[in-house]
Amino acid sequence: MAGIVLRDVHKSFGEVEVIRGVDLEIEDREFVVFVGPSGCGKSTMLRLIGGLEEATEGQIIIGDQDVTGLPPAERSLSMVFQSYALYPHKTVRENMGFPLKMAGEPKEQVAAAVQEAANVLQLGPLLDRLPKELSGGQRQRVAIGRSIVRAPLAFLFDEPLSNLDAALRVQMRVEIARLHRRLRSTMVYVTHDQVEAMTLAHRIVVFSEGQIEQIGPPLELYENPANLFVATFIGSPMMNILSGKGFGEGQFRLEDGSELKTDRTLTGAAETAVQMGIRPEHIELDSEGPVHGKIAVVERLGADSFLHVDLEAGTTILVRQNGNSFLEEETKVRMRFLPEYVHLFNPEGKALTKNA
Ligand SMILES: Nc1ncnc2c1ncn2[C@@H]1O[C@H](COP(=O)(O)OP(=O)(O)O)[C@@H](O)[C@H]1O
Ligand SMILES: [Mg+2]
């Protein structure tokens, strides 16, 4: 087991620089999740760590070894991808044992390692089947099993669950959490699934265009996003963003003229243009509230209802209510934004910090 350090890593494909200076220290045994929009460089970053791509610049250190120039086989990492390439004519047992067999391990040791991995992943009853006799989830579990038999220094996962259906994805997500608890190895996990990122990660790394926007524990990113990008990327449904003007001690005026209090000081000149952010669960319906709107759509999801409310300024915001909300479409409502949860962003998109 080992930590992973990235120092000013760059990667270009021809003229195009897709990783633009990444610095990151992943601790031994840590579970780190990479998120970011499609094409931002998550897979490339993972492949650079695994040695499947060569860095154009910078340093990659695993444990206490600089592996920047080493081929994948000398990095002692295991990678699991979205497509689980199992050998179709080998049984589960043979598929799982194959990496060890290739490494020249004695038969008894291969058998023991396969048995242990099978126990961890509850694959025991399937060991003599062929891949075609398995479901998608079982095949992915075999692929993970094959990656754990080698007891690698760290695991790299690239969207390993995105080919599975929703129910199975939930089940496998829990299995990966258990696996991490049991093996206590360093794991780097790429996903575009909010829930996977929020539930699995010790720390989430948010990427955008080949750079890191913010690193932190899931709830810290959720509660204190450093900028507009992270604020709108983390959280589903998304944070509501409204434009307006700040005019002094925590006062904010929306485009429709309604005035709100916040607990962030607006620095600089009066009447500063800013963006305001508020999550759907931090808006209260209040007959005396300063913000006026009309319910356009009610989405009842069971535990929650989401109200899509049209504001007078023309924007629509999302308000979270209990699942049994009695509110109907076309109803006029007034709202209050809880001041301690109002986020403000300067014209460059950087979050303004809370007052002490
Ligand atoms: N082998 C390659 N050659 C050229 N461009 C590549 C190659 N691999 C990835 N890219 C480009 O690098 C960018 C990042 O890709 P990728 O790391 O796969 O993004 P993500 O995994 O975040 O969706 C994309 O614009 C992609 O087209
Ligand atoms: Mg990818």
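The values are calculated or read from the model by the stated rules, or taken from the named source; none is laboratory data. Just so it is clear, the model here is predicted, and its values are computed rather than measured. Counting neighbours? That spans all protein chains shown, and the Cβs are built from the backbone with ideal geometry, glycine included.
Can we say residue 76 is of a type in the set (Ser, Thr, Tyr), under 21 Å from residue 164 (Cβ atoms) and surrounded by fewer than 20 Cβ atoms within 10 Å (Cβ to Cβ)? Give the steps one after another, and end with the answer.
Details: of a type in the set (Ser, Thr, Tyr): yes; under 21 Å from residue 164 (Cβ atoms): no; surrounded by fewer than 20 Cβ atoms within 10 Å (Cβ to Cβ): yes.
No, not satisfied.
Just the residues that are under 28 Å from the mean Cα position of the chain (by Cα) and either in a strand (DSSP E or B) or surrounded by 14 or more Cβ atoms within 10 Å (Cβ to Cβ) (or both), please, taken from region 316-337.
316, 317, 318, 319, 320, 321, 322, 337
Of the residues 150, 93, 146, 129, only one is modelled with pLDDT under 90, in the same structural domain as residue 47 (by TED's automatic domain parsing), surrounded by 15 or more Cβ atoms within 10 Å (Cβ to Cβ) and away from ligand 2 (no atom under 16 Å from the Cβ); which?
Checking each option against the conditions leaves just 150.
How many residues does region 158-194 hold that are among the aliphatic types (A, V, I, L, M), away from ligand 1 (no atom under 16 Å from the Cβ), within 17 Å of the chain's Cα centre (by Cα) and closer than 22 Å to residue 3 by Cα?
So the count comes out to 3.
Would you check which residues across region 202-218 are more than 14 Å from ligand 1 (Cβ to nearest atom) and touching a Phe, Trp or Tyr at 6+ places or on another chain (Cβ under 6 Å) and list them?
202
Going through region 140-157 one residue at a time, which ones are within 16 Å of ligand 1 (Cβ to nearest atom) and either in contact with a Gly (Cβ under 9 Å, 6 or more places away or on another chain) or at positive phi (or both)?
Scanning region 140-157 gives a single hit, 156.
Return yes or no: is residue 208 within 16 Å of ligand 2 (Cβ to nearest atom) and small (Gly, Ala, Ser)?
Yes; evaluated as a whole, the condition is true for this residue.
Of the residues that make up region 105-115, is at least one modelled with pLDDT under 90 and in the same structural domain as residue 190 (by TED's automatic domain parsing)? Lay out the reasoning, then the answer.
Pass one, region 105-115, residues modelled with pLDDT under 90: none.
Checked region 105-115: no residue is modelled with pLDDT under 90 and in the same structural domain as residue 190 (by TED's automatic domain parsing).
Examine region 309-319 for a residue that is over 21 Å from residue 228 (Cβ atoms) and either in contact with a helix residue (DSSP H, G or I) (Cβ under 7 Å, 6 or more places away or on another chain) or hydrophobic (A, V, I, L, M, F, W, C) (or both), and state whether such a residue exists.
Yes, the conditions are met somewhere in region 309-319.
Looking at region 185-193, can you tell me whether even one residue there is closer than 25 Å to residue 52 by Cα, aliphatic (A, V, I, L, M), touching a residue at least 24 places away in the same chain (Cβ under 8 Å) and away from ligand 2 (no atom under 16 Å from the Cβ)?
yes
With the condition kept exactly as written, say whether any residue in region 30-49 is away from ligand 1 (no atom under 16 Å from the Cβ) and at positive phi.
no
Between a residue in region 152-164 that is in contact (Cβ under 8 Å) with a residue 60 or more places away in the chain and over 12 Å from residue 176 (Cα atoms) and any residue that is basic (Lys, Arg) and part of a loop (DSSP other than H, G, I, E, B), which pairs come within a Cβ distance under 8 Å, given they are 6 or more apart or on different chains?
Cβ pairs passing all conditions: 153/75.
Residue-by-condition table, conditions (1) within 16 Å of ligand 1 (Cβ to nearest atom); (2) part of a strand (DSSP E or B); (3) surrounded by fewer than 21 Cβ atoms within 10 Å (Cβ to Cβ):
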{"position": "199", "(1), (2), (3)": "no, no, yes"}
{"position": "231", "(1), (2), (3)": "no, no, no"}
{"position": "238", "(1), (2), (3)": "no, no, yes"}
{"position": "241", "(1), (2), (3)": "no, yes, yes"}
{"position": "248", "(1), (2), (3)": "no, no, yes"}
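State yes or no: is residue 12 at negative phi, among the hydroxyl-bearing types (Ser, Thr, Tyr) and within 16 Å of ligand 2 (Cβ to nearest atom)?
For residue 12, the condition - at negative phi, among the hydroxyl-bearing types (Ser, Thr, Tyr) and within 16 Å of ligand 2 (Cβ to nearest atom) - is not met.
Right, residue 21: surrounded by fewer than 17 Cβ atoms within 10 Å (Cβ to Cβ), farther than 19 Å from residue 185 by Cβ and modelled with pLDDT of 95 or more or not?
Working: surrounded by fewer than 17 Cβ atoms within 10 Å (Cβ to Cβ): yes; farther than 19 Å from residue 185 by Cβ: yes; modelled with pLDDT of 95 or more: yes.
Criteria met by residue 21.
Which one of 125, 99 is closer than 26 Å to residue 158 by Cβ and of a type outside the set (A, V, I, L, M, F, W, C)? Show your work before the answer.
Numbers: 125 fails: closer than 26 Å to residue 158 by Cβ.
Just a single option satisfies the conditions, and that option is 99.
Restricting the search to region 49-77, which residues are without any contact (Cβ under 8 Å) to a residue 40 or more places away in the chain and within 16 Å of ligand 2 (Cβ to nearest atom)?
Within region 49-77, 52 is the sole residue that qualifies.
When you go through 248, 235, 302 one by one, which is the residue that is on the phi > 0 side of the Ramachandran plot and at pLDDT below 90?
On the way: 235 fails: at pLDDT below 90; 302 fails: at pLDDT below 90.
The unique qualifying residue is 248.
In this structure, does residue 342 turn out to be aliphatic (A, V, I, L, M) and within 25 Å of the chain's Cα centre (by Cα)?
Here the answer is yes, as residue 342 does meet what is asked.
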